[in-house]
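Q: Structure in structure tokens, see below.
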Amino acid sequence: MGSPMKVRAQMKGDFADIKILMSHPMETGQRKDPKTNQTIPAVFIQQFTVEVGGKVVVQSETGTSISTNPVFGFKVKGAKAGDKVVVKWQDNKGDSRTDEATVA
Amino acid sequence: MDILRRTVLKGASASGVLAAALTAGLLKPTQVLAMEWNKAAFEAKDTPAAMKAVGAASAADSKDLKLNAPDIAENGAVVPVDVTSTIPNTLSIAVFIDKNPYPLSAAFNFANGAMADVALRLKMGQTSIVRAVAKTSDGKYFTASKEVKVTAGGCGG
Amino acid sequence: MRQALLAAAAFALAISPAIAQDKPAAAAKPAASKKSAKSAAAPVEEKDAATLEFEKFRAKMIEEGNPAELFEAQGEEMWKTKRGPKNVSLAESCDLGLGVGVVKGAYVQMPRYFADAGKVMDAERRVVWCMVEKQGFKEADLHAKPFASGTYTPEQTSIVTFVAGHSRDMKFAVPLKDPHVKDVYEIGKEVVKHRAGPYDFSCNTCHGADGKRIRMQQLPNISTQKGAAMAVLGWPGYRMTGNVMLTHQWRMGDCFRQQRFPEPKYASDTVTALLTYMTANANGVTYTGPGIKR
């Protein structure tokens, strides 16, 4: 089970502004451990989904060019205060994490 | 239901089907996440190859696709980029970093009210063009790009 | 009294354990900065375009999502949990100057004098003191690997980040009216003048006047309120280089390293003196909470 992420969702006019902060090393698999000179294996988020009010609104595939502890921002029309936002990611090692928030 | 196993990145028609399926609420996150990660696209070593792997044929520059990024990145490890498409019926946006070992950084598919608008943070190895590609429901591709400089910074205080 | 304190500080600096000097390849950096320090033309007090752009995007990132928040959350967990051989939580035992367990506003009022310890202490030093005295952790253990690297983050870093978060939007107010604090401030003011190391640098070489820079980074003049503010704001900070959470205490050590000084003793009087000097110079400036750093 991955580390907790922070999900925030706020109504701004007619759309919900969603901000997601994920906790993940996003190791590219190109770095070497300076002590052992071994390549540090790649561990990175490959996919994630964002659901609002029970429907998938964003489906994403990501690679090793995304920063460690990724942050993503999305805007969703038709959402309203009180809607549940659920974010789920999975990485190349099969680890995953789900967190949610309510649209404020 | 084989066609649903392909993500929007794999073909012109698949995205339309995926978008429709997402809109109809047919797909749950677990099903979506069970789809294959587009290895060919993410492991392509240059932007043209990566764009080909996501099915992006000739992409036309569009002023309605906006890419907001710093002129100079304070640190190449965390480069904040915003991509906004006001091109009607934009289904997806992909972001490429030309000079990275693997240019394709991420792709996003929008449905059920999600605007074609994404903020993300990139790892850049060196000064490079950052390229956004947007795909519309009629299978057309559009592009916008910006050079982001990556330099040796300072002392970190 | 002051003479004795100054002598003690100088002595402490002299006997700080030496670390292996960095490889010669890294020496190019100090040489370049020394050059720019000497040949600085008209002092540049205002921020240049690149600096303004850096700050703009940094502010945007902090607003949208600062990875420091992940450590704030971890720190909160640690603060509230019963831990250590004495099985007590910091929330029920640690006084950061405003009363046991009171976190709001504590960070911006440190360094301050703590009668129970008989010392002026900065936030990190006080947190470590509480962990040792109240929770029973061994000081040697907490001093062994006190700074984050790779995927390792020491507990005190997360706790200090949590504490700092609770001074968000409050003004720095180091209690200079307290004679104990004033004395330590004066020591700090002397320490920044002290020249040492193979390059004969002092803190003031880089931070004692306006208009200095190292490559893309403008260097703050910590003797002024404006410069001191630039130096203290943003700590603790999530550092993009290495993606690690780091504290102001860490930064002092890294400055020493960049001057090719021996490493300062962790949570020592010298570091407290430096932090007192620069934080007090920033008194009145609003602290914006844990930041993002290069």
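Q: C:A280: in a helix (DSSP H, G or I) and over 25 Å from C:H143 (Cα atoms), yes or no?
A: On the way: in a helix (DSSP H, G or I): yes; over 25 Å from C:H143 (Cα atoms): yes.
Yes, satisfied.
Q: With the requirement that a residue be outside any strand (DSSP E or B) and more than 15 Å from C:N66 (Cβ to Cβ), what does region A:5-23 give you? Don't jump to the end; show me each part of the working.
A: Of region A:5-23, the ones outside any strand (DSSP E or B) are A:5, A:13-14, A:22-23.
Scanning region A:5-23 gives A:G13, A:D14.
Q: Take the conditions in contact (Cβ under 8 Å) with a residue 40 or more places away in the chain and within 10 Å of chain A (Cβ to nearest Cβ) and apply them to C:A50. Does it pass?
A: Working: in contact (Cβ under 8 Å) with a residue 40 or more places away in the chain: yes; within 10 Å of chain A (Cβ to nearest Cβ): no.
Taking the combined requirement at face value, the residue does not satisfy it.
Q: Taking strands (runs of 3 or more DSSP E) that do not extend beyond region B:99-157, which have at least 2 residues that are basic (K, R) and under 16 Å from B:T86 (Cβ atoms)?
A: Numbers: elements: B:104-110, B:114-122, B:128-136, B:141-150.
In region B:99-157, no matching strands (runs of 3 or more DSSP E) lie anywhere.
Q: Does C:K177 fit the bill of being over 23 Å from C:A148 (Cα atoms), part of a loop (DSSP other than H, G, I, E, B), basic (K, R) and more than 14 Å from chain B (Cβ to nearest Cβ)? Working first, answer last.
A: Numbers: over 23 Å from C:A148 (Cα atoms): yes; part of a loop (DSSP other than H, G, I, E, B): yes; basic (K, R): yes; more than 14 Å from chain B (Cβ to nearest Cβ): yes.
It is true that C:K177 is over 23 Å from C:A148 (Cα atoms), part of a loop (DSSP other than H, G, I, E, B), basic (K, R) and more than 14 Å from chain B (Cβ to nearest Cβ).
Q: Please state which of the following conditions B:P70 fails to meet, knowing it meets all the rest: (1) surrounded by 18 or more Cβ atoms within 10 Å (Cβ to Cβ); (2) at the interface with chain A (Cβ under 9 Å from one of its Cβ atoms); (3) assigned to a loop (DSSP other than H, G, I, E, B).
A: Of everything listed in (1) surrounded by 18 or more Cβ atoms within 10 Å (Cβ to Cβ); (2) at the interface with chain A (Cβ under 9 Å from one of its Cβ atoms); (3) assigned to a loop (DSSP other than H, G, I, E, B), B:P70 misses just condition (2).
Q: Something else: Is it the case that region A:68-81 has a residue that's assigned to a strand (DSSP E or B), modelled with pLDDT of 95 or more, surrounded by fewer than 18 Cβ atoms within 10 Å (Cβ to Cβ) and more than 11 Å from the chain's Cα centre (by Cα)?
A: yes
Q: Quick check: anything in region A:29-38 in contact with an Asp or Glu (Cβ under 7 Å, 6 or more places away or on another chain) and part of a loop (DSSP other than H, G, I, E, B)?
A: Within region A:29-38, the subset in contact with an Asp or Glu (Cβ under 7 Å, 6 or more places away or on another chain) is none.
Among the residues of region A:29-38, not one is in contact with an Asp or Glu (Cβ under 7 Å, 6 or more places away or on another chain) and part of a loop (DSSP other than H, G, I, E, B), which makes the answer no.
Q: Consider only pairs whose beta carbons are under 6 Å apart and that are at least six residues apart or on different chains; among these, list those whose first residue lies in region B:47-65 and is surrounded by 14 or more Cβ atoms within 10 Å (Cβ to Cβ) and whose second residue is part of a helix (DSSP H, G or I) and modelled with pLDDT of 90 or more.
A: Partner pairs satisfying both residue conditions: B:A50/B:A41; B:A53/B:A40; B:A53/B:A41; B:V54/B:A41.
Q: So which helices (runs of 4 or more DSSP H) stay within region C:114-165 end to end and still have 2 or more residues that are within 16 Å of the chain's Cα centre (by Cα)? First the steps, then the outcome.
A: Values: elements: C:123-133, C:139-144, C:155-165.
Here the list reads C:123-133, C:155-165.
Q: Taking C:G165 as the residue in question, decide whether it is surrounded by fewer than 17 Cβ atoms within 10 Å (Cβ to Cβ) and either small (G, A, S) or closer than 19 Å to C:R83 by Cα (or both). Reasoning before the result, please.
A: Numbers: surrounded by fewer than 17 Cβ atoms within 10 Å (Cβ to Cβ): no; either small (G, A, S) or closer than 19 Å to C:R83 by Cα (or both): yes.
No, not satisfied.
Q: Search region A:16-53 for residues being of a type in the set (S, T, Y) and in contact with a strand residue (DSSP E or B) (Cβ under 7 Å, 6 or more places away or on another chain), and hand back the single one that is farthest from the other protein chains (Cβ to nearest Cβ).
A: So in region A:16-53, the residues of a type in the set (S, T, Y) come out as A:23, A:28, A:36, A:39, A:49.
Right, trim to in contact with a strand residue (DSSP E or B) (Cβ under 7 Å, 6 or more places away or on another chain) and you get A:39, A:49.
Numbers: A:T39: 14, A:T49: 4 Å.
So the residue we want is A:T39.
Q: What pairs come out if I take residues in region C:195-219 that are more than 14 Å from chain B (Cβ to nearest Cβ) and pair them with residues that are part of a strand (DSSP E or B) whose C-beta lies under 8 Å away, six or more apart or interchain?
A: Correct list of pairs: C:R195/C:F201; C:S202/C:A196.
Q: Give me the residue from region A:39-57 that is crowded, with 24+ Cβ neighbours inside 10 Å and among the aliphatic types (A, V, I, L, M) and, out of that set, nearest to C:E63 (Cα to Cα).
A: Among residues in region A:39-57 that are crowded, with 24+ Cβ neighbours inside 10 Å and among the aliphatic types (A, V, I, L, M), the one nearest to C:E63 (Cα to Cα) is A:V50.
Q: While we're here: Which residue, of B:A134, B:A111, is away from every other protein chain (no Cβ under 12 Å) and more than 22 Å from C:R239 (Cα to Cα)? Lay out the reasoning, then the answer.
A: Numbers: B:A111 fails: away from every other protein chain (no Cβ under 12 Å).
Among B:A134, B:A111, only B:A134 is away from every other protein chain (no Cβ under 12 Å) and more than 22 Å from C:R239 (Cα to Cα).
Q: Given the options A:V56, A:V85, name the one that is within 10 Å of chain B (Cβ to nearest Cβ) and assigned to a strand (DSSP E or B).
A: Details: A:V85 fails: within 10 Å of chain B (Cβ to nearest Cβ).
Of A:V56, A:V85, the one residue that is within 10 Å of chain B (Cβ to nearest Cβ) and assigned to a strand (DSSP E or B) is A:V56.
The values are calculated or read from the model by the stated rules, or taken from the named source; none is laboratory data. The structure displayed is predicted, hence computed values, not measured ones. Because the Cβ atoms are built from the backbone with ideal geometry, glycine has one as well, and the counts that use them run over all protein chains shown.
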